[in-house]
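The values are calculated or read from the model by the stated rules, or taken from the named source; none is laboratory data. These figures come from a predicted structure and were not determined experimentally. We place every Cβ from the backbone using ideal geometry, glycine too, and count neighbours over all the protein chains shown. Calculation scope for accessible area: heavy atoms of the full protein, side chains included, ligands and nucleic acids excluded. Shrake-Rupley method; radii C 1.70, N 1.55, O 1.52, S 1.80 Å.
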Amino acid sequence: MDSRFRERFRYFMKHRRVRLILLTLALLLSGFVLYLDLTVRAQFEGKRWALPARVYARPLELYPGMKIRPEQLMMELSMLGYRSADDPRDPGSYRRENNEFVIATRPFVFWDGAQAAMKLRADLNSNRLSTLTDLKADQPVTLARLDPLLIGGIYPAHNEDRVLVRLNEVPRDIVKGLIAVEDRQYYSHHGIDPRGVARAFVTIVRGAGMQGGSTLTQQLVKNFYLTPKRTLRRKFTEIIMAALLEMHYSKEEILEAYINEIYLGQDGNRAIHGFGLASHFYFDRPLSRLNLQQAALLIGLVKGPSYYDPRRHAERALKRRNLVLQEMLQQQAITQPEYVAARATPLGVVEQAPVGTSVYPAFVELVHRQLRRDYREADMRSEGLQIFTTLDPLAQFAAERALTARLAQLEKARKIPPKTLEGAVVITSAQNGEVQALVGGRDTRYEGFNRALDAERPVGSLLKPVIYLTALERPDSYTLATLLDDSPLVWRSRGASDWEPRNYDNNSHGQVPLLIALANSYNISAARLGLSLGVQQVMNNVRRLGVERDLPVYASSLLGSGSLPPVEVAQMYQTLASNGFRVPLRAIREVLTVDNQPLQRYPLSVEQVIAPGPAYLVTTALQEVVRQGTADGLNQFLSPDLNVAGKTGTTNDLRDSWFAGYTGDRVGVVWVGRDDNQPIKMTGAGGAMTVWGDMMAQLDPEPLAPPPPENIEMTWVDSATGLRADEHCHG
């Protein structure tokens with residue numbers, strides 16, 4: 001009896017334990033499934049993707065009378081990826097015959113509305129656009145824009161990029177091809193293919209690793225929710241999540257998500273996700289305009305974007321594309337004639353991928369910094385903002401080419417070790433302070449140290465115009481003809497060593513007119529003048545002109561011992577170029593949401609900080625610098641008729657070479673030096689000015705002819721005495 005009882009008890013306890021174990025496992029599995037269910041729905045119904053901000057250059061505006069050379073229009077079209085065609089019908093194509101262009105423009109949504117695709121004829125004459133005609137409507141056009149150049153993006157931390165598309169925007173060939181090649185039972189299964197799963201598990205048992213058996217839904221789960229790590233646990237999780245996804249969402253919703261998520265290539269450190277972006281990346285056209293053979297190539301890349309990369313492995317990619325076409329034929333997704341025609345075509349991939357990570361990293365960094373004033377970093381990297389900037393690709397190209405070519409020439413001419421010279425360039429619009437170009441260093445594609453924004457270097461004589469401006473704001477005491485003392489100076493101040501400035505030629509020049517002292521950049525007369533005016537007053541005017549940082553109030557600061565980055569020097573000269581109106585430099589025009597809704601405007605902010613009279617006189621003096629002063633060598637690059645205003649800058653021991661100047665339409669600042677602060681054996685005229693001259697010569701600048709204010713009187717002056725004379729006086 002006891003033995004029978006004990007046996008039954010053991011049986012009961014044994015099975016109770018089994019039931020408890022099974023119950024526990026069931027509860028754990030249920031909890032796990034519930035967790036996965038919440039995960040699936042939360043991410044799929046929430047914000048699915050972090051969309052990078054897209055940064056665009058200014059759009060080229062075409063209008064009758066605009067100044068543009070045929071080569072410049074050709075360069076713009078080339079940068080935009082427009083293709084030459086005998087009969088340009090497709091958007092993004094053109095034909096050139098001498099000075100006549102026929103351009104089929106691309107449609108684009110600008111900040112002020114959408115512009116449809118147009119077929120334009122642009123006739124150029126004497127380096128101007130003489131007529132602009134809409135060929136479809138056969139009528140003249142007063143203004144048309146080319147689509148702006150995409151110059152980069154501000155990407156999520158994981159550097160994924162994509163262009164979202166709706167399923168109704170996807171060509172039928174993409175949908176049919178995906179089903180035929182990747183998941184023939186897509187519309188009949190519930191997220192998993194039992195036979196495929198069984199095959200996958202057999203390979204695991206045989207030790208062949210995890211492979212095969214994935215439906216489109218499982219592929220989406222793997223890419224969207226899970227890591228690429230191949231384990232049994234991940235495969236099990238993938239199967240459950242795929243079933244849950246199918247339970248909650250329609251086949252159309254899942255397919256749309258797949259088309260936007262799948263990984264299809266790599267552009268440097270930027271990951272190409274989704275068919276929408278892949279279409280631009282490989283064919284430079286929107287997904288809606290892909291033909292059959294192009295669609296087949298993208299479908300083929302799903303299996304292995306790196307292995308079948310058409311730019312690196314063209315033959316391999318061609319075989320894969322043709323296999324996709326064959327599968328589509330077998331599944332009756334295409335006809336035999338379509339198959340034969342598509343198979344006979346080349347890959348058609350554009351040789352150079354459209355810009356992703358910026359080719360203008362220095363300028364994009366400036367944009368990024370200005371955006372931080374108004375937007376959270378997370379929003380910039382995830383909300384798909386569209387940033388329309390002020391960058392002029394033609395000016396940027398001229399700046400980059402001038403800097404890189406000249407630095408190599410200067411090294412060779414002065415026997416400086418190769419690739420040790422560095423430089424930076426800033427170009428702005430003289431009228432509105434828009435930054436048109438910015439180069440942060442010799443390697444123009446380098447995303448590291450940005451010398452245009454962050455290289456704080458002594459500015460040398462670039463500060464002298466502020467001294468003379470301070471004097472000319474006192475018209476009762478100073479004019480351009482006022483004689484200044486350029487005799488030797490020793491400045492003594494308590495607690496500091498004696499300061500004894502010297503002129504570059506090591507000579508003193510006695511009494512010299514203010515105009516001549518500035519034109520020849522005499523140090524002694526400038527220092528005497530600044531000391532008599534007050535160093536603090538001069539430094540206050542530096543801030544009035546737009547420099548935000550405080551320079552040290554020392555006597556030596558008058559001759560530029562204080563340090564500024566090129567962008568702040570550009571701000572200072574911008575105010576002089578705009579006749580005393582301070583316009584903060586800006587790199588952004590407009591910001592739109594991902595749905596093309598305006599977010600924020602960046603209007604001009606203008607404040608008159610210098611009276612018209614003194615501003616005009618300083619510009620006149622800076623024109624004399626170029627006409628017959630330290631920058632007269634600039635006349636070898638540009639016509640003297642342009643009346644350029646400019647100033648050379650050289651620092652102690654020839655360590656820094658600067659040139660800042662302006663024409664009627666542009667302000668430019670160039671710095672040349674070495675990162676290790678070693679001497680470079682050149683003055684401002686011998687180094688930076690040559691870069692400036694090369695650069696501006698490519699841009700056909702407008703003449704500088706500011707109108708004289710009413711309170712300015714022009715008269716003949718005897719340079720020896722500073723007294724009035726007449727045009728026949730030779731004393």
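Enumerate the calculated ³J(HN,Hα) couplings along region 315-330 in order (Karplus 6.51 cos²θ - 1.76 cosθ + 1.60, θ = phi - 60°), each rounded to whole Hz, writing x wherever the residue is Gly or Pro.
So the J values, rounded to whole Hz, are 5, 4, 5, 5, 4, 5, 4, 5, 5, 4, 4, 5, 4, 5, 5, 4.
Only sites in a loop by DSSP and with at most 14 other Cβ atoms within 10 Å count here; which chymotrypsin sites (Phe, Trp or Tyr not before Pro) in region 364-451 make the cut? It would help to have the intermediate numbers written out before the result.
Working: sites: 375, 388, 397, 446, 449; in loops: 375, 446, 449.
Listed in order of number, the matching sites are 446, 449.
What percentage of the solvent-accessible surface of the chain, computed with a 1.4 Å probe over protein heavy atoms, is contributed by carbon and sulfur atoms?
On the way: 17530 of 34370 Å².
That share works out to 51 percent.
Measuring with a 1.4 Å probe in the full set of protein chains, what accessible area per residue, in whole Å², belongs to the chain? Working shown, then result.
Working: 34370 Å² over 731 residues.
Computed with neighbouring chains in place, this is 47 Å² per residue.
Please report, in Å, the Rg and the Dmax of region 588-635, where both are computed over Cα atoms only.
When restricted to the Cα atoms of region 588-635, Rg and Dmax are 20.1, 56 Å.
Rounded to the nearest 10 Å², what accessible area does residue 712 show when all protein chains are kept and the probe is 1.4 Å?
Around 30 Å² of this residue is reachable by solvent.
Using only the Cα atoms, work out Rg/Rh for region 231-327, with Rh taken as the Kirkwood radius, to two decimals. Intermediate results must be reported in sequence, preceding the final value.
Details: Rg = 15.2 Å, Rh = 14.8 Å.
Ratio value, two decimals: 1.03.
Given Cα pairs under 8 Å that are at least 6 residues apart, what percent is the relative contact order of the chain?
Values: 1373 pairs, mean separation 81.9, N = 731.
Taking the mean separation of contacting Cα pairs over the length of the chain, I get 11 percent.
So what J values fall out for region 394-400 if you push phi through Karplus, 6.51 cos²θ - 1.76 cosθ + 1.60 with θ = phi - 60°, rounded to Hz, Gly and Pro as x?
Going residue by residue, I get 5, 5, 4, 4, 5, 5, 5 Hz, with x marking Gly and Pro.
Out of all DSSP beta bridges with both ends in the chain, state the antiparallel percent to the nearest 5.
On the way: 73 of 82 bridges.
Close to 90 percent.
If you build the Cα gyration tensor of region 559-609 and take the root of 5 times each eigenvalue, what three semi-axes come out, in whole angstrom, biggest first?
On the way: eigenvalues 186, 43, 8 Å².
Three semi-axes, in Å: 30, 15, 6.
More than 15 angstrom separation, counting every C-alpha pair in region 344-409; what % is that?
Details: 1480 of 2145 pairs.
Looking at region 344-409, the distances longer than 15 Å represent 69 percent of pairs.
Could you state the angle between the C-alpha long axis of helix 251-261 and the longest principal axis of the C-alpha atoms of the chain, as a value from 0 to 90 degrees rounded to the nearest 10?
40 degrees
Just to confirm the number: angle between the C-alpha axis of helix 70-79 and the first principal axis of the chain, 0 to 90 degrees, nearest 10?
30 degrees
With the Cα gyration tensor of region 86-203 in hand, give its eigenvalues times 5 under a square root as the equivalent ellipsoid semi-axes, listed largest first in whole angstrom.
Values for region 86-203, descending: 48, 18, 14 Å.
Convex hull over the Cα atoms of the chain, averaged projected area in nm²?
Values: hull surface 193.0 nm².
Seen from a random direction, the Cα hull of the chain projects 48.3 nm² on average.
Suppose the chain between residue 126 and residue 303 were pulled fully straight at 0.36 nm per residue; how much longer would it get relative to their current alpha carbon spacing? Intermediate results must be reported in sequence, preceding the final value.
Working: separation 177, 0.36 × 177 = 63.72 nm, distance 5.46 nm.
Separation in residues times 0.36 nm, less the Cα-Cα distance, equals 58.3 nm.
When only alpha-carbon atoms are used, what values of Rg and Dmax, in angstrom, describe region 511-650?
That works out to 18.0, 67 Å for Rg and Dmax.
Got a sec? Which residues in region 353-392 would a label at residue 66 touch, if it sits 7 Å along Cα→Cβ and we count backbone N under 19 Å?
388-392
Taking the chain as the reference, fit the longest principal axis to its C-alpha atoms, fit the long axis of helix 232-248 to the helix C-alpha atoms, and give the angle between the two in degrees, 0 to 90, nearest 10.
Approximately 90 degrees, to the nearest 10.
Give or take rounding to whole Å, what are the principal axis extents of the alpha carbon atoms in region 381-537, in descending order?
Cα extents, longest axis first: 59, 41, 34 Å.
What distance in nm separates the two pseudo spin-label positions at residue 639 and residue 158, each 7 Å out from Cα along the beta-carbon direction?
Roughly 5.8 nm, to one decimal.
By how many nm would the segment from residue 531 to residue 135 grow when fully extended, if each residue of separation counts as 0.36 nm and the alpha-carbon distance is taken off?
On the way: separation 396, 0.36 × 396 = 142.56 nm, distance 6.64 nm.
Length gained between residue 531 and residue 135: 135.9 nm.
Evaluate the Kirkwood expression for the hydrodynamic radius of region 368-448, namely the inverse of the mean inverse distance over all pairs of different C-alpha atoms, and round to one decimal in Å.
Values: mean 1/r = 0.0669 Å⁻¹.
Final number for the Kirkwood radius of region 368-448 is 15.0 Å.
Give a residue-ordered list of calculated ³J(HN,Hα) values for region 691-699 (Karplus: 6.51 cos²θ - 1.76 cosθ + 1.60, θ = phi - 60°; whole Hz; x for Gly, Pro).
Going residue by residue, I get 5, 4, x, 4, 5, 5, 4, 7, 9 Hz, with x marking Gly and Pro.
At a Cα cut-off below 21 Å, give the lysines reachable from residue 222, other chains included and same-chain residues fewer than 8 away excluded.
The reachable lysines, counting only those whose Cα sits under 21 Å from residue 222, are 47, 235, 251, 303.
Kindly provide the trypsin sites (Lys or Arg not before Pro) of region 285-318 that DSSP labels as loop, not H, G, I, E or B, and whose Cβ sees at most 10 other Cβ atoms within 10 Å. Each step should come with its number before you reach the end.
On the way: sites: 289, 303, 311, 312, 316; in loops: 303, 311, 312.
Here the trypsin sites (Lys or Arg not before Pro) that fit, given the DSSP loop and packing criteria, are 312.
Would you kindly compute the Cα radius of gyration of region 575-691 and its largest Cα-Cα separation (Dmax), both in Å?
Considering region 575-691 through its Cα atoms, Rg and Dmax are 18.1, 56 Å.
Could you tell me what a quarter of the Cα convex hull surface of region 272-344 works out to, in nm² with one decimal place? Show your work: numbers first, answer last.
On the way: hull surface 18.8 nm².
Result: 4.7 nm².
Can you give me the pair-distance distribution of region 255-390, C-alpha pairs, 5 Å bins, whole percents?
Computed distribution, short to long bins: 2, 9, 17, 19, 17, 12, 8, 7, 5, 3, 2, 0.
Kindly provide the Kirkwood hydrodynamic radius of region 326-381 in Å, to one decimal, from all pairs of distinct alpha carbon atoms. Please report the intermediate quantities before stating the final value.
Numbers: mean 1/r = 0.0630 Å⁻¹.
That comes to 15.9 Å for region 326-381.
What do you get for trypsin sites (Lys or Arg not before Pro) in region 323-425 restricted to DSSP loop and a cutoff of at most 14 other Cβ within 10 Å of the site's Cβ? Each step should come with its number before you reach the end.
Numbers: sites: 343, 369, 372, 373, 376, 381, 401, 406, 412, 414, 415, 419; in loops: 372, 373, 376, 381, 414, 415, 419.
In loop regions of region 323-425 (DSSP not H, G, I, E or B), the sparsely surrounded trypsin sites (Lys or Arg not before Pro) are 372, 373, 376, 414, 415, 419.
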